[in-house]
Amino acid sequence: MKSLFALIRHGAYHQLVGVPSALQPFPLTAEGVRVVQKEAELFKQWLNDEKFGVSPDVISSTSLRAWQTAQIYCDVLKYDFSTAPVITQTPGLCERSVGAVANLTVEQIEQIVIDDPRLTPLPEGWKSDSRFCLPFDGAESLIQAGERVATTLVDNARDGLIHLHFGHGASFRHAAFHKNVIKMSDIKKLSMHYGHPIVFERSEQEVTKIFGDWKVRNTSSDLD
């Protein structure tokens, strides 16, 4: 049996300006809902054309935007699941946490570091540095977040069904690195389209992409 899994980034949401996406609790925008529905319909057509089934065990991060994206997919694909789908939410699929400074602006975070005599100023480009971890309780680096996501993925079920995972662009890309799907040098070059599934097939030797496309990034600021 094939081992199949899909990574699906949430849709556009009501994001605070200048704030690392982290754990923002806001819902999808109306346009975000529309795009996710369109992507889910296109995915459904591919599933039907290729005669693939979908596992009813759907996994989402605990972020509202990811859960809403999963709900839309469950509605659109309701006849493609082997049984009625159940969404399980887990922090294992969440985006990189910046810990105690979650949901503050970049400027606020940098000023806090400047004002703390125990700390040195943050390096330029810290927000997109895969290995940099902020010096605050609960913070993790992007590469650490990717490792956490990689261990959460259901990528060895070998039941012939596609296992859906709904989460976030940066942590999914870093998880893909940990799964040897992309190289470290690819992480800053690639992003993920809103609501667009990337489907992989795992064999004994390798992981192969069989549906979906990465987004080529224009800037290093597109982290989530």
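The values are calculated or read from the model by the stated rules, or taken from the named source; none is laboratory data. Quantities reported herein were computed from a predicted structural model and do not represent experimental measurements. Don't worry about glycine lacking a Cβ; one is built from the backbone with ideal geometry, like all the others, and counts go over all protein chains shown. Each accessible area value is taken on the protein alone, full model and side chains, heavy atoms only, with ligands, DNA and RNA left out. Shrake-Rupley method; radii C 1.70, N 1.55, O 1.52, S 1.80 Å.
All told, Ser171 meets the bar of being out of contact with any Phe, Trp or Tyr (no Cβ under 9 Å at 6 or more places or on another chain), under 26 Å from Trp126 (Cα atoms) and small (Gly, Ala, Ser). Residue-level analysis places Ala66 among those that are touching a Phe, Trp or Tyr at 6+ places or on another chain (Cβ under 8 Å) and either closer than 25 Å to Arg202 by Cβ or free of Cβ contacts under 8 Å to residues at least 40 places away in the same chain (or both). Take Leu142 and decide whether it is touching a helix residue (DSSP H, G or I) at 6+ places or on another chain (Cβ under 6 Å), under 24 Å from Asp116 (Cβ atoms) and crowded, with 16+ Cβ neighbours inside 10 Å. Taking the combined requirement at face value, the residue satisfies it. What about Thr83, is it open to solvent by 60 Å² or more (accessible area, probe 1.4 Å), assigned to a loop (DSSP other than H, G, I, E, B) and closer than 19 Å to Gly160 by Cβ? Criteria met by Thr83. Scanning region 190-207 for residues that are open to solvent by 60 Å² or more (accessible area, probe 1.4 Å) and either in a strand (DSSP E or B) or at pLDDT below 95 (or both) returns Glu204, Gln205, Glu206. Checked against (1) closer than 25 Å to Thr62 by Cα; (2) loosely packed, with under 13 Cβ neighbours inside 10 Å, Leu153 passes all but condition (2). Only one residue in Ala6, Ala30 is open to solvent by 80 Å² or more (accessible area, probe 1.4 Å) and among the aliphatic types (A, V, I, L, M), so which one is that? Result of the check over Ala6, Ala30: Ala30.
Yes/no matrix, rows are residues, columns are (1) under 17 Å from the mean Cα position of the chain (by Cα); (2) more than 29 Å from Thr151 (Cα to Cα); (3) not charged (D, E, K, R):
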| residue | (1), (2), (3) |
| --- | --- |
| Arg9 | yes, no, no |
| Leu16 | no, yes, yes |
| Gly32 | yes, no, yes |
| Glu39 | yes, no, no |
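Among the candidates Leu122, Leu104, the residue that is in contact with a Leu (Cβ under 9 Å, 6 or more places away or on another chain), surrounded by 16 or more Cβ atoms within 10 Å (Cβ to Cβ) and part of a loop (DSSP other than H, G, I, E, B) is uniquely Leu122.
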